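K.L.:
Take a look at the following structure, please.
The values are calculated or read from the model by the stated rules, or taken from the named source; none is laboratory data. Since the model is a prediction, treat every value here as computed from it, not as a measurement. Using ideal geometry, Cβ is built from the backbone for each residue, glycine included, and neighbour counts are taken over all protein chains shown. These accessible areas exclude ligands, DNA and RNA; they are computed on the full protein's heavy atoms, side chains included. Shrake-Rupley method; radii C 1.70, N 1.55, O 1.52, S 1.80 Å.
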Amino acid sequence: MFRYERPQAGRYRQFHQLNLEAIGEVHPALDAEVIGVLLELFRRLDLAQRLTLSLNSIGDAACRPAYRDKLVAYLRQHAGALCEECRERTERNPLRVLDCKKPDCQEVLDTAPSILDALCRDCAEHFSRVRQYLDAMGLTYHVAPRLVRGFDYYVRTTFELLTGELGAQNAVAGGGRYDGLVKLLGGPPDPAIGFAVGMERVVSLLPSDSHEAGALALLIPLGDEALVRLLPVALAVRSRGRAVELAYGARKLRNELDRANRLKVPYVVILGEQELLKGEALIREMGSGTQRSVPLAGLEGELMALPVAR
Ligand SMILES: [Zn+2]
Ligand SMILES: [Zn+2]
């Protein structure tokens, strides 16, 4: 993704998003499911406990215009206490004023009319059912009546996943319903809901060692025949989730052991002429220098069973 406007602090001009869009269903259970997928993603990344889900409904074309008028009237009354940007937004995009983090504006907003009091019956019913389904799934959230989206095509369910750890740029994901957008772009009147996750922000929350895990072993064939035997082992072990490095059999053992030290691998596997004849391979633990022979046919299993030193 590329940002057109000048990036604020903590934002990048070029960045990556992970998106989910669920198109074609208006039922509030879909809203709850989509939020469930988002939370499950972060649970698997072991980040769920450090994030909170904010949830709101921003109404629809039936009820939002009346709320907007009410909000504008209130904001005009308190224009003197608002920052310049909020005074300008009051006329241009009043819902966005609810986003302002400046303390003076926050004070005004604390007593501003709430969108949740202005929802029409259908929107209120939708929101209460989304909450009911989230509760049924045991998913926790807090209702944030000032959570809004910047674009008019968003309706009803709106949510953000927030962290207290990244300063002012505290949303790692955001989403909502956009029932009118597909039609607006010339398509059928399909309802839809989705979210976007800011990948750079997620990465910055992950522990730094989680994307620097080194290889488990360097596989050292001595000669091309040994290489042919080790290639499929490397492929199999990698496909089962363990990282291994493979030498190509062209260099001397001493050079490859030097390389193993540079790579800081805890193990090397040596397959020389003698081992090939016996149908065995040597597994050497680099720290202690101890080594043992294992049947070549069982090498994949042996590599998968090696303890990973931390
Ligand atoms: Zn403001
Ligand atoms: Zn409504």
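K.L.:
Give the residue that is least open to solvent (accessible area, probe 1.4 Å), with candidates limited to residues of segment 231-255 that are in contact (Cβ under 8 Å) with a residue 60 or more places away in the chain and touching a strand residue (DSSP E or B) at 6+ places or on another chain (Cβ under 9 Å).
P.N.:
Among those that are in contact (Cβ under 8 Å) with a residue 60 or more places away in the chain and touching a strand residue (DSSP E or B) at 6+ places or on another chain (Cβ under 9 Å), it is Val237.
K.L.:
Something else: What number of residues within segment 92-102 are exposed (fewer than 12 other Cβ atoms within 10 Å of the Cβ) and either assigned to a helix (DSSP H, G or I) or in contact with a Phe, Trp or Tyr (Cβ under 7 Å, 6 or more places away or on another chain) (or both)?
P.N.:
Residues of segment 92-102 exposed (fewer than 12 other Cβ atoms within 10 Å of the Cβ): 92, 101.
Pick out the ones that are also either assigned to a helix (DSSP H, G or I) or in contact with a Phe, Trp or Tyr (Cβ under 7 Å, 6 or more places away or on another chain) (or both) and you get 92.
So the answer is 1.
K.L.:
Could you tell me which of the residues Tyr133, Tyr74 is within 16 Å of ligand 1 (Cβ to nearest atom), assigned to a helix (DSSP H, G or I) and of a type in the set (Ser, Thr, Tyr)?
P.N.:
Tyr74
K.L.:
Residue by residue through segment 152-180, note down the ones that are away from ligand 1 (no atom under 16 Å from the Cβ) and at pLDDT below 90.
P.N.:
Filtering segment 152-180 for residues away from ligand 1 (no atom under 16 Å from the Cβ) gives 152-167, 169-180.
Residues satisfying the conditions are Asp152, Tyr153, Thr163, Gly164, Glu165, Leu166, Gly167, Gln169, Asn170, Ala171, Gly180.
K.L.:
Now a separate question. Tell me the residue from Asp224, Asp258, Asp190 that is assigned by TED's automatic domain parsing to the domain that holds Ala32 and open to solvent by 20 Å² or more (accessible area, probe 1.4 Å), please.
P.N.:
Selected residue: Asp190, the only one of Asp224, Asp258, Asp190 that is assigned by TED's automatic domain parsing to the domain that holds Ala32 and open to solvent by 20 Å² or more (accessible area, probe 1.4 Å).
K.L.:
Right, another one. Tally up the residues in segment 50-65 that are of a type in the set (A, V, I, L, M) and either within 16 Å of ligand 2 (Cβ to nearest atom) or open to solvent by 80 Å² or more (accessible area, probe 1.4 Å) (or both), please.
P.N.:
Final tally of qualifying residues: 3.
K.L.:
Quick one: is Gln274 over 16 Å from Leu216 (Cα atoms), of a type in the set (S, T, N, Q) and open to solvent by 60 Å² or more (accessible area, probe 1.4 Å)?
P.N.:
yes
K.L.:
Let me ask something else. Would you mention how many residues in segment 283-302 are part of a loop (DSSP other than H, G, I, E, B) and loosely packed, with under 12 Cβ neighbours inside 10 Å?
P.N.:
Kept after step one, since they are part of a loop (DSSP other than H, G, I, E, B), are these residues of segment 283-302: 286-290.
Narrowing the set further to residues that are loosely packed, with under 12 Cβ neighbours inside 10 Å leaves 287-290.
Qualifying residue count, segment 283-302: 4.
K.L.:
May I pose another question? So, Thr111, is that one within 16 Å of ligand 1 (Cβ to nearest atom), hydroxyl-bearing (Ser, Thr, Tyr) and in contact with a helix residue (DSSP H, G or I) (Cβ under 6 Å, 6 or more places away or on another chain) or not? Spell out the reasoning first.
P.N.:
On the way: within 16 Å of ligand 1 (Cβ to nearest atom): yes; hydroxyl-bearing (Ser, Thr, Tyr): yes; in contact with a helix residue (DSSP H, G or I) (Cβ under 6 Å, 6 or more places away or on another chain): no.
Taking the combined requirement at face value, the residue does not satisfy it.
K.L.:
In addition: Any residue at all in segment 193-211 that is among the β-branched types (Val, Ile, Thr), in a helix (DSSP H, G or I) and open to solvent by 40 Å² or more (accessible area, probe 1.4 Å)?
P.N.:
Scanning segment 193-211 turns up at least one residue that is among the β-branched types (Val, Ile, Thr), in a helix (DSSP H, G or I) and open to solvent by 40 Å² or more (accessible area, probe 1.4 Å).
To keep it simple, each residue is scored yes or no on (1) closer than 30 Å to Asp46 by Cβ; (2) in a strand (DSSP E or B).
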| site | (1), (2) |
| --- | --- |
| Leu219 | no, yes |
| Leu227 | no, no |
| Leu230 | no, no |
| Val237 | yes, no |
| Arg242 | yes, no |
| Asp258 | no, no |
| Ala281 | no, yes |
| Met304 | yes, no |
| Val308 | yes, no |
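K.L.:
While we're looking at this one, here's another question. Here are Arg68, Arg89, Arg44: which of them is closer than 30 Å to Pro191 by Cβ, outside the structural domain of Thr158 (by TED's automatic domain parsing), free of Cβ contacts under 8 Å to residues at least 12 places away in the same chain and open to solvent by 10 Å² or more (accessible area, probe 1.4 Å)?
P.N.:
On the way: Arg68 fails: free of Cβ contacts under 8 Å to residues at least 12 places away in the same chain; Arg44 fails: outside the structural domain of Thr158 (by TED's automatic domain parsing).
Step by step, each of Arg68, Arg89, Arg44 is checked, and only Arg89 is closer than 30 Å to Pro191 by Cβ, outside the structural domain of Thr158 (by TED's automatic domain parsing), free of Cβ contacts under 8 Å to residues at least 12 places away in the same chain and open to solvent by 10 Å² or more (accessible area, probe 1.4 Å).
K.L.:
In this structure, is Leu116 in contact (Cβ under 8 Å) with a residue 60 or more places away in the chain, crowded, with 17+ Cβ neighbours inside 10 Å, touching a Pro at 6+ places or on another chain (Cβ under 8 Å) and within 23 Å of Ala73 (Cα to Cα)? Lay out the reasoning, then the answer.
P.N.:
Numbers: in contact (Cβ under 8 Å) with a residue 60 or more places away in the chain: yes; crowded, with 17+ Cβ neighbours inside 10 Å: yes; touching a Pro at 6+ places or on another chain (Cβ under 8 Å): yes; within 23 Å of Ala73 (Cα to Cα): yes.
Considered against the rule, which asks whether it is in contact (Cβ under 8 Å) with a residue 60 or more places away in the chain, crowded, with 17+ Cβ neighbours inside 10 Å, touching a Pro at 6+ places or on another chain (Cβ under 8 Å) and within 23 Å of Ala73 (Cα to Cα), Leu116 comes out as yes.
K.L.:
Of Cys123, Cys105, which residue is more than 20 Å from the chain's Cα centre (by Cα), at pLDDT below 95 and either within 16 Å of ligand 1 (Cβ to nearest atom) or surrounded by 20 or more Cβ atoms within 10 Å (Cβ to Cβ) (or both)?
P.N.:
On inspection, the qualifying residue turns out to be Cys105.
K.L.:
Given the residues Gly249, Gly279, which is the only one that is small (Gly, Ala, Ser) and either over 41 Å from the mean Cα position of the chain (by Cα) or closer than 30 Å to Lys183 by Cα (or both)?
P.N.:
Gly279
K.L.:
Those residues that are more than 16 Å from ligand 2 (Cβ to nearest atom), in a loop (DSSP other than H, G, I, E, B) and open to solvent by 50 Å² or more (accessible area, probe 1.4 Å), I need them from segment 142-161; list them, please.
P.N.:
Arg146, Phe151
K.L.:
Say whether the condition of being of a type in the set (Lys, Arg), farther than 26 Å from Arg131 by Cα, touching a Lys or Arg at 6+ places or on another chain (Cβ under 8 Å) and within 13 Å of ligand 1 (Cβ to nearest atom) is met by at least one residue in segment 82-95.
P.N.:
Checked against the condition, which is being of a type in the set (Lys, Arg), farther than 26 Å from Arg131 by Cα, touching a Lys or Arg at 6+ places or on another chain (Cβ under 8 Å) and within 13 Å of ligand 1 (Cβ to nearest atom), segment 82-95 yields at least one hit.
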